[in-house]
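FYI, it's all coordinate maths here, none of it is from the lab. All values reported here derive from a predicted model rather than from experimental measurement. Every residue, glycine among them, receives a Cβ derived from its backbone with ideal geometry; neighbour counts consider all protein chains shown.
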Amino acid sequence: MRLWEMKSLISEMRMVLAGVIMMSSSVVPAQSTDAGFGPENPFHAPSALPFQAPPFDRIKDGDYQPAIEAGMAEQRKEIRAIADNPAAPTFENTIVAMEKTGALFQRAYAAFNAVTGANTNPVLEKVQQEEAPKLAAHSDAIFLDAKLFHRVEAVYEKRESLKLSPEGLRLVEYYYQRFVHAGANLSDADKEKLKKINEEESTLSNGFRSKVLAATKDAAYATTDKSALAGLTDADLSLAERAAKQRKKEGWVLPLQNTTQQPYLSSLEVRATRQGLFQDSWTRAERGDVNDTRETIARLAQLRAEKGKLLGFDSYAGWKLEDQMAKTPENALKFMDALVGPATANAASEAKDIQAVIVSQKGGFSVEPWDWEFYSEQVRKAKYDLNEAEVRPYFEMNNVLQNGVFYAANQLYGLTFKERKDIPVWHADVRVYEVMEADGKPLALWYCDYFKRDNKNGGAWMGSLVRQSKLLGTLPVVYNVANLPKPAEGEPALISFSDVITMFHEFGHALHGMFAATEYPVLSGTSVARDFVEFPSQFNEHWATYPAIFHHYAKHYKTGAAMPVELAAKIKKAEDFNQGYKLTELLAAAELDMQWHSLPAGSSLQKPDEFEKAALEKKGLTLSYVPPRYRSSYFSHIWGGGYAAGYYAYLWAEMLDDDAFQWFQEHGGLTRANGDRLRTMVLSRGNTEDLAKMYEAWLGSAPNIEPMLKYRGLAKAGTK
Ligand SMILES: [Zn+2]
């Protein structure tokens, strides 16, 4: 139920992280004199539209780059002026002043992010490539500026005596830690060392990405024997034939996906083919050729351990988790360790069901990883079969939106929604709603761009066009993007249940952005730690199956009849399917990540295969038929993406949202009082308080894993 989330989170996180470097700012007209940027550019002055919504009707592809570049130049000038201020550093002239910088950059970059994610083209892609290194340098120019850091440090040191508001105090601490985290506190010699480590890390990481890309392409399963592919559909076969032609090969080719398990394994009937495809996937980056990544990752792990030490920690993970809700690798490990027993016990029980099918078909072998998808699909059909065609007529998209997503927000928070046709959008499929409080006061603008397009990134995500801030007088303008199938003209959009969950999920992020009620933009809304940001979204998913909500929207699009009880029960039951396996493969990957990044500085170069085996054995993750979701040698999230020492965050946020939903269940469920309490104590507060403290104050205790096991159907091992 939650795995669909994996691919979407990457793009989502990119937006969230990008938000961190966007220090949004006051409504001062741009003064830049850059060539090619003048008053005719629609970003030149703040938008005069309601909520300062971007004027997409006037913005042309060529307007973004000059506005982003002029915006960065302007922000550096503003930052320079703060650093060079002859007056003694104060909260106002340093910290608050930084919050007011970068207005133009913020306007242009937020709109650019929206269109490049949801409606891109070669012109925008080229700008994206050209600007990527400049954006990184822009962030460095701010956070490695020694003069600026000394002013921040001076304010930080006297913060207790300044009589700041709790949010003001948090802001000072946020900036100080952000600078220190980036290395601003190091001696000049150590700064040089850090720069060298960062350079080598970035080179190795880039190298890893291109090696894995090439390795994954090269390792595709190829055959000239059509009978080896028995079980594939004609459509699959013609795709495989085309893939072979593209590679100038005879026969058929099955390209690999990023994960260890491969989708075709659920339908391939010939066991030797399954084993072949699985082995191709498992060994893709360990073939002793130029694309073998093992030396690269061993060196990356060693280098990151050095970086952790240089920045004052026992390990890279220690440094990386400092500003996360979990705070230390020990806390994250303790959490994962507690999941291992229930996860593996349930996977073992699922394996028994699978083995029974193998025996009944006189297979004469024990289940191996390459058999899992094939036989679990048969178990799924027998035990939980859900017919998509039967379900979809009950999930018409507009009805799900109005009577499901909006209805839940109305019942919990009193919100109402009014469609606005006068706000310009980036594509004709985008719709805009004004969101109002129970008393009619305007709260936010919300855009949805739900239908799939070829020029849209995969998955689903939420982003901000204008971030809420009392300091800047801005109300939030946020959007949700998804890839739901677009119906033919005049036909209803009938979606799957997993699409319904996507709508609730992304709207949960949107609520986090729209409820923001903070003074300072950098602490606002979804600008929270990686292991917290998925909490509001995953929490909102729970309402999709809550009876009073579900029965309000799950109605036949033609007749209006309620979904039959048996069908609704099947949907609910199917959520438990294969959860032992799914949790075990995720845990194995998360454990590998954390152990690689917990190596102490000075460790010798590790041999990845031995390290991996020992790491999993140490944690009792030894079921031969449940390999890690990603093996070390092709684990792109941690070696090539932003998830080093962070893969656990997916599971951590799941613990929080299930625990939170259990609290609601125990306190009367769907009520305004419960919704408003969560809104006041958590959803409106962004990053204005220590997140663990904020969560615990709301819940009344520390988060607990029991509800997570319950909602995954894993609470009682072996008895389902
Ligand atoms: Zn999400």
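Students often check this: by mean Cβ neighbours within 10 Å, which of 394-402, 64-72, 307-315 ranks highest, and how do the rest follow? Mind dumping the intermediate values first?
Numbers: 394-402: 20.8, 64-72: 23.6, 307-315: 19.2.
Ranked by mean Cβ neighbours within 10 Å, highest first: 64-72, 394-402, 307-315.
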Open item on the list: Using 31 Å as the Cα-Cα cut-off, could you pick out the over-long pairs in LYS572/LYS693; LYS307/LYS619; LYS249/LYS582?
Closed with: LYS572/LYS693; LYS249/LYS582
Open item on the list: Beyond a 21 Å Cα-Cα separation, which of these cross-linked pairs lie in this structure: LYS126/LYS456; LYS100/LYS320; LYS211/LYS309; LYS134/LYS196; LYS158/LYS320; LYS320/LYS710?
Closed with: LYS100/LYS320; LYS211/LYS309; LYS158/LYS320; LYS320/LYS710
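In debye to the nearest 20, how big a dipole does segment 532-686 give about its Cα centre with +1 on each Lys and Arg Cβ and -1 on each Asp and Glu Cβ? Provide the component values of the computation, followed by the final result.
Working: 16 positive and 18 negative charges, 90 e Å.
With Lys and Arg at +1 and Asp and Glu at -1, about 440 debye.
What FRET efficiency do you get for SER624 and THR680 if R0 is 56 Å and r is their Cβ-Cβ distance, rounded to the nearest 0.05? Working shown, then result.
On the way: r = 50 Å, r/R0 = 0.89.
Once rounded, the FRET efficiency stands at 0.65.
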- [ ] Using the structure shown, list the pairs from LYS362/LYS452; LYS195/LYS452; LYS381/LYS452; LYS418/LYS486 with a Cα-Cα distance above 32 Å, or answer none.
- [x] LYS362/LYS452; LYS195/LYS452
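Give me TRP282, TRP319 ranked fewest to most by other Cβ atoms within 10 Å of their Cβ, as a rough exposure proxy.
Details: TRP282 18, TRP319 22.
Ordered by Cβ neighbours within 10 Å, fewest first: TRP282, TRP319.
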Open item on the list: Residues of segment 218-259 with the amide nitrogen closer than 16 Å to a label point 7 Å from the Cα of VAL290, along Cα-to-Cβ, please.
Closed with: 218-219
Task: Kyte-Doolittle mean at least 0.0 and Cα axial length at least 30 Å: DSSP H helices in the chain - done: 329-360
TODO: For segment 42-112, count the residues as N, evaluate 2.2 N^0.38 Å, and divide the Cα radius of gyration by that value, please.
DONE: 1.29
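Once the Cβ-Cβ distance between GLN361 and LYS613 is put in as r, and R0 is 22 Å, what FRET efficiency do you end up with, to the nearest 0.05? Please list the in-between numbers first.
Values: r = 32 Å, r/R0 = 1.45.
Between GLN361 and LYS613 the formula returns 0.10.
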TODO: Pop a pseudo-label 7 angstrom from the Cα along the beta-carbon direction at both LYS226 and LYS77 and give the gap in nm to one decimal.
DONE: 6.9
Open item on the list: Using only alpha-carbon positions, what ratio does the radius of gyration of segment 619-720 give when scaled by 2.2 N^0.38 Å?
Closed with: 1.36
Task: Environment charge at GLN662 (Cβ cut-off 9 Å; Lys +1, Arg +1, Asp -1, Glu -1) - done: -3
Task: Cβ-based exposure ranking for TYR630, TYR174, in which fewest neighbours within 10 Å come first - done: TYR174, TYR630
Open item on the list: With the crude spin-label approximation of a point 7 Å out along Cα→Cβ, what separation in nm comes out for ARG178 versus ALA88?
Closed with: 2.6
TODO: Quickly rank 351-360, 681-690 as a protection proxy: mean count of other C-beta atoms within 10 Å, highest first.
DONE: 681-690, 351-360
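Taking every eigenvalue of the Cα gyration tensor of segment 532-602, multiplying by 5 and rooting it, what semi-axes result, largest first, whole Å? Spell out each step's value before the answer.
Working: eigenvalues 323, 47, 11 Å².
Gyration-tensor ellipsoid for segment 532-602: 40, 15, 7 Å.
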TODO: Compute the FRET efficiency between LYS558 and SER498 as 1/(1 + (r/R0)^6), taking r as their Cβ-Cβ distance and R0 = 25 Å, and round to the nearest 0.05.
DONE: 0.65
Task: Residue-span extension gain [ALA154 to GLU330] - 0.36 nm each, minus C-alpha spacing - done: 60.1 nm
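Dividing the Cα convex hull volume of segment 255-307 by residue count, how many Å³ per residue is that? Walk me through the numbers before you get to the answer.
Details: hull volume 5.0 nm³, N = 53.
Hull volume normalised by residue count: 94 Å³.
Please order ARG80, ARG159 by the number of other Cβ within 10 Å, starting at the fewest.
Details: ARG80 14, ARG159 18.
Least crowded to most crowded, the residues run ARG80, ARG159.
Work out, step by step, the length gained on full extension between GLU250 and LEU670: first 0.36 nm times the residue separation, then minus their alpha carbon distance; give nm to one decimal. Walk me through the numbers before you get to the answer.
Numbers: separation 420, 0.36 × 420 = 151.20 nm, distance 5.93 nm.
Result for the pair: 145.3 nm of gain on full extension.
When averaged across all projection directions, what area in nm² does the alpha-carbon convex hull of the chain cover? Numbers along the way, then the final one.
Working: hull surface 129.8 nm².
Reported value for the Cα convex hull: 32.4 nm².
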Open item on the list: Under a crude label model (7 Å from the Cα following the beta-carbon direction), how far is LYS383 from ASN185 in nanometres?
Closed with: 5.1
Open item on the list: Need the C-alpha centroid separation for segment 116-161 versus segment 523-562, integer Å.
Closed with: 34
